[in-house]
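**Q** This is the structure, below, for whatever I ask next.
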Amino acid sequence: MVGDAQDEQQSKDDDAIRVETSSKPTLSPWKRRLVFLVLPIVVLIATAAVAYLRYEKETLGTADAARAASVQAARDATTAILSYRPDTVEQDLAAAQSKLTGSFRDSYASLTRDVVIPGAKQKQVSAEASVPAAASVSATGSHAVVLVYVNQAVIVGNDAPSSTMSSVRVTLDKVDGAWLVSGFDPV
């Protein structure tokens, strides 16, 4: 009897162990498939979101740098394009021409060669331009548009200077790492 009691107790202990191990939660096959399908999708979406946010941050930084550099280039070029003295007009306008590109460079060279240089020498014309304000209209890494406000004083011979104020829409393109003027349109 003692042996039977021990066998019966051992059998109850084995059943308890079986119950404990079998009561462990298991995922049904459809839940397992769902976990293995949803988890990679969530990871993929999170990775895509991080990549997109990083791209946006980099693009904004590039656009901000392009804005600042193009506004400064437009200021410098505008001053150079509209400033000259009769005794150095050829050198002044040649220096300005180095800040230009494309068809605008060609038309500026033609205008200065045919009209501005002869007129400045013959009538002793000097012009001095300044840019009190400029603002970016749009900018990417390779193209920008800047609105420039210009004050220009022109002296003809011994006459009193005449001053004009104007605004110009300056279009710039990045060529070999430098912002060059490709359009110069009074507004």
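**Q** Using +1 at the C-beta of Lys and Arg and -1 at the C-beta of Asp and Glu, which of 158, 187, 63 has the Cα lying farthest in the positive direction of the dipole of the chain?
**A** 158
**Q** While we're on this one: Given R₀ = 45 Å, FRET efficiency for residue 166-residue 62 by Cβ-Cβ distance, to 0.05?
**A** About 0.90, to the nearest 0.05.
**Q** With each run of n ≥ 4 DSSP H residues scored as -39500 (n - 2.57), what mean residue ellipticity at 222 nm is computed for the chain after dividing by its residue count and rounding to the nearest 500 deg cm²/dmol? Provide the component values of the computation, followed by the final result.
**A** Working: 5 runs with 100 residues, N = 187.
Helix-only estimate at 222 nm: -18500 deg cm²/dmol.
**Q** Which one, 86, 118, 40, has the greatest fluctuation when you compute a Gaussian network model over the chain with C-alpha springs under 10 angstrom?
**A** Result for the chain, Cα springs under 10 Å: 40 fluctuates most.
**Q** Turning to a different aspect of this structure: Compute the normalised compactness of the chain: alpha-carbon radius of gyration over 2.2 N^0.38 Å, N being the residue count.
**A** Details: Rg = 38.3 Å, N = 187, 2.2 N^0.38 = 16.1 Å.
It is 2.38.
**Q** What relative contact order, as a whole-number percentage, does region 50-186 give when Cα pairs under 8 Å and 6 or more residues apart are counted?
**A** On the way: 246 pairs, mean separation 35.3, N = 137.
Relative contact order comes out at 26 percent.
**Q** Here is a follow-up. Using the structure shown, list the pairs from 31/57; 99/123; 57/99 with a Cα-Cα distance above 28 Å, or answer none.
**A** Values: 31/57 39 Å; 99/123 26 Å; 57/99 31 Å.
Beyond 28 Å between Cα atoms: 31/57; 57/99.
**Q** Could you please rank 55, 108, 84, 149, placing first whichever residue has the fewest other Cβ atoms within 10 Å of its Cβ?
**A** Result, fewest neighbours first: 55, 149, 108, 84.
**Q** Please get the size of the charge dipole for region 50-186, origin at its Cα centre, with Cβ charges of +1 on Lys and Arg and -1 on Asp and Glu, quoted in debye to the nearest 20.
**A** It comes to approximately 120 debye.
**Q** Taking the Cβ of residue 102 as the centre, find all other residues whose Cβ is under 13 Å away and add up their charges (Lys, Arg: +1; Asp, Glu: -1).
**A** Numbers: positive: 99, 105, 174; negative: 106, 173.
Cβ neighbours under 13 Å give a net charge of +1.
**Q** Calculate the length of the line joining the C-alpha centroid of region 141-175 to that of region 62-119, in whole Å.
**A** Between the Cα centres of region 141-175 and region 62-119 lies a distance of 10 Å.
**Q** Most exposed first by the Cβ proxy, i.e. fewest other Cβ within 10 Å, how do 182, 163 rank? Mind showing how you got there, number by number?
**A** On the way: 182 18, 163 10.
By the 10 Å Cβ count, ascending, the order reads 163, 182.
Read-outs: derived from the displayed coordinates by stated rules, not from any lab. Values in this document were obtained by computation on a predicted structure and should not be read as measured data. Neighbour counts run over all protein chains shown; Cβ positions are idealised from the backbone, glycine included.
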